[in-house]
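Worksheet: one structure, shown below.
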Amino acid sequence: MADEARPAATAEPAAPPTAGAAYPSIADPVVAAVRQVLAGIPAGCTWLLPVRDPDGGVVDFLVAATSAQGRDVHGRGMGRVGQHLSALYPGMVAGPLWQAYQEVLATGEPAHLPDFRYAGHGAGVVADSVFDVSVHRVLGGLLVWWQRLDEDRLRLTRTELLGSLGWAEYDLVTGRSEWSPGMYRIFERDPALGPMSRADQAAALLPDDHGLREAAWQTLDSGAASDVTVRFRAAGTVKHLRILSDVARDEGGAPVKIYAVVQDVTAREDSRGAIEQLRDQLRTRETTALAEHRLAGQLQNLIQPVPREPVTLAGLEVLVGYLPAESALRVGGDWYHAETLPDGPVVLAVGDLAGHGLEAASGMAHLRFALVAWLSIGIRDPAVLLGHMNRLCGQLGVTGTAVLAVFDPATRHLAWARAGHPLPMLSRAGVTGDLGRPAGMLLGADPTAGYPVVTTELRGDDVLLFYTDGLTERRAGNPEDRVTAVRAALSGFTGRPGPRQVARLRDALHRPSSHDDTCTLAVRVLP
């Protein structure tokens with residue numbers, strides 16, 4: 001089967017496996033001509049010749065010619081010419097594709113395997129690949145064409161999922177529509193039902209947005225691409241969809257097809273509306289300190305909701321705390337993330353972006369949502385994640401600190417790194433200290449900065465505390481006194497016999513600072 005295509009040198013043909021093998025000679029002019037033709041084909045294509053036993057039965061197939069871009073999953077290219085399939089792909093013998101080869105050779109009827117799964121064996125070989133395979137009988141042999149499907153499908157699925165995207169095509173001549181998987185997710189529609197008809201789509205459009213729909217059609221009629229954001233009712237909810245569409249025309253200029261890319265921007269529009277509403281409230285009315293705190297809490301909760309009660313993740317109990325500064329409406333850049341990933345590990349992170357106000361909150365939202373996106377595509381290394389965040393801060397022109405950890409519930413190993421952030425605390429059996437002291441430069445200070453990872457083995461009933469500096473730093477008094485008080489509270493908790501619930505730490509940790517926000521993650525390892 002094919003992988004990425006790159007030319008390779010042609011090998012000399014191997015000898016037939018049996019004295020009774022019957023196929024054209026490698027030196028035959030027909031074979032030479034086929035080789036020349038296939039060498040210029042920019043796709044995976046191979047010509048196979050049957051190897052027969054003395055009784056005429058097909059026992060193997062010889063690779064007589066292959067395209068220059070016909071590299072297989074093992075990375076082998078034209079060097080396969082002259083080799084036998086049983087030696088190249090032992091697992092294929094007697095399988096469905098092998099049987100298809102024999103049937104096409106015997107009957108002359110072409111075969112098409114649209115989703116043939118090939119099981120790779122050995123290190124460095126993809127274990128499960130999917131191909132579209134066509135087989136034709138040509139010049140006494142088999143012309144096999146293949147196209148790798150699983151990689152392109154995975155890229156498309158990840159792209160659509162990460163960007164909340166989908167694409168659609170509508171044939172104006174036949175009336176047929178085609179949707180990508182992302183479109184069915186956006187409209188929350190069963191793929192078995194097929195794409196929505198144009199009439200159903202028009203009915204789902206909110207009446208107030210029909211004018212935008214007509215404007216989009218007029219734009220397409222003028223020959224330009226249309227880019228509109230409209231509202232649809234889907235699965236009982238209203239969604240904001242940005243639709244970028246264009247028209248393909250025939251040589252006479254008549255429209256033939258409509259191509260559209262659709263993005264679900266509901267979250268963005270809802271957040272924008274909520275933030276604008278809060279901003280208008282701040283501009284138009286005088287507020288008391290209590291009202292200002294309420295607005296700050298609303299905005300913070302809009303960006304990252306804080307659960308009121310402890311949450312259970314894989315092997316962990318987590319208490320989240322966020323308290324805005326007491327003195328005024330000082331929406332800060334403090335943020336957290338705690339999540340069990342689909343493949344098992346738990347991600348724990350706390351960060352603090354420099355500054356206050358909506359700009360700091362916006363930068364914080366960029367960092368947190370970017371972290372979620374990187375995690376969704378399989379990035380797990382704390383050093384790599386902090387490196388990405390460092391470069392993003394540089395692009396945004398902001399600075400900040402962060403600590404990020406990945407917990408393996410199977411081994412109880414915690415891998416973590418920090419970027420200029422206060423050291424996490426570890427409390428075990430009544431003794432509390434720093435979790436470690438790795439180096440790590442401030443985010444946004446140096447795009448080439450590295451972030452070494454420390455790995456710690458945790459035990460049942462251990463308590464970790466991740467926090468921002470609002471917990472310990474005060475304008476009045478010695479910060480070390482506050483650190484000592486926090487450590488004493490943790491030690492008292494882990495040293496106390498009997499059942500432990502991390503919620504008991506709430507009073508010790510949730511003490512607001514007068515001038516800075518405070519964000520905490522108290523994490524207990526479940527026994």
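Quick notes on this structure:
- Selection within segment 62-117 - surrounded by fewer than 17 Cβ atoms within 10 Å (Cβ to Cβ) and touching a Gly at 6+ places or on another chain (Cβ under 6 Å): none
- The lone criterion from (1) farther than 17 Å from A349 by Cβ; (2) among the aliphatic types (A, V, I, L, M); (3) surrounded by 12 or more Cβ atoms within 10 Å (Cβ to Cβ) left unmet by A410 is number (3).
- Residue in segment 513-525 that is of a type in the set (A, V, I, L, M), assigned to a helix (DSSP H, G or I) and assigned by TED's automatic domain parsing to the domain that holds N390 present: no
- Residue pairs meeting the criteria (Cβ under 6 Å; at least 6 apart or on separate chains; first among the small types (G, A, S), in segment 447-464; second assigned to a loop (DSSP other than H, G, I, E, B)): A449/M441; G460/P527
- Looking across L62, L97, L139, one residue alone is modelled with pLDDT under 90, in contact with a helix residue (DSSP H, G or I) (Cβ under 7 Å, 6 or more places away or on another chain) and assigned by TED's automatic domain parsing to the domain that holds T46. It is L139.
- Restricting attention to segment 204-233, the residues being closer than 19 Å to Y170 by Cα and either out of contact with any strand residue (DSSP E or B) (no Cβ under 9 Å at 6 or more places or on another chain) or outside the structural domain of S164 (by TED's automatic domain parsing) (or both) number 2.
Yes or no, residue by residue, for (1) within 23 Å of L353 (Cβ to Cβ); (2) surrounded by fewer than 14 Cβ atoms within 10 Å (Cβ to Cβ); (3) charged (D, E, K, R); (4) at pLDDT 90 or above:
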{"residue": "L423", "(1), (2), (3), (4)": "yes, no, no, yes"}
{"residue": "P452", "(1), (2), (3), (4)": "yes, yes, no, yes"}
{"residue": "T456", "(1), (2), (3), (4)": "no, no, no, yes"}
{"residue": "G460", "(1), (2), (3), (4)": "no, yes, no, yes"}
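- Elements of type strands (runs of 3 or more DSSP E) contained in segment 158-271, each with 3 or more residues being touching a residue at least 24 places away in the same chain (Cβ under 8 Å), among the hydrophobic types (A, V, I, L, M, F, W, C) and within 26 Å of F369 (Cβ to Cβ): 226-234, 237-249, 255-264
The rows are residues; the columns are (1) closer than 29 Å to H366 by Cβ; (2) surrounded by 12 or more Cβ atoms within 10 Å (Cβ to Cβ); (3) at pLDDT below 85; (4) in contact with a Ser or Thr (Cβ under 8 Å, 6 or more places away or on another chain).
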| site | (1), (2), (3), (4) |
| --- | --- |
| L220 | no, yes, yes, yes |
| V230 | yes, yes, no, no |
| G236 | no, no, yes, no |
| A260 | yes, yes, no, yes |
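- Some residue of segment 14-34 being closer than 21 Å to Q147 by Cβ, assigned to a helix (DSSP H, G or I) and at pLDDT below 75: no
The values are calculated or read from the model by the stated rules, or taken from the named source; none is laboratory data. Given the structure is predicted, the values throughout are model-derived calculations rather than measurements. Quick reminder, even Gly has a Cβ in these numbers, built from the backbone with ideal geometry, and neighbours come from all protein chains shown.
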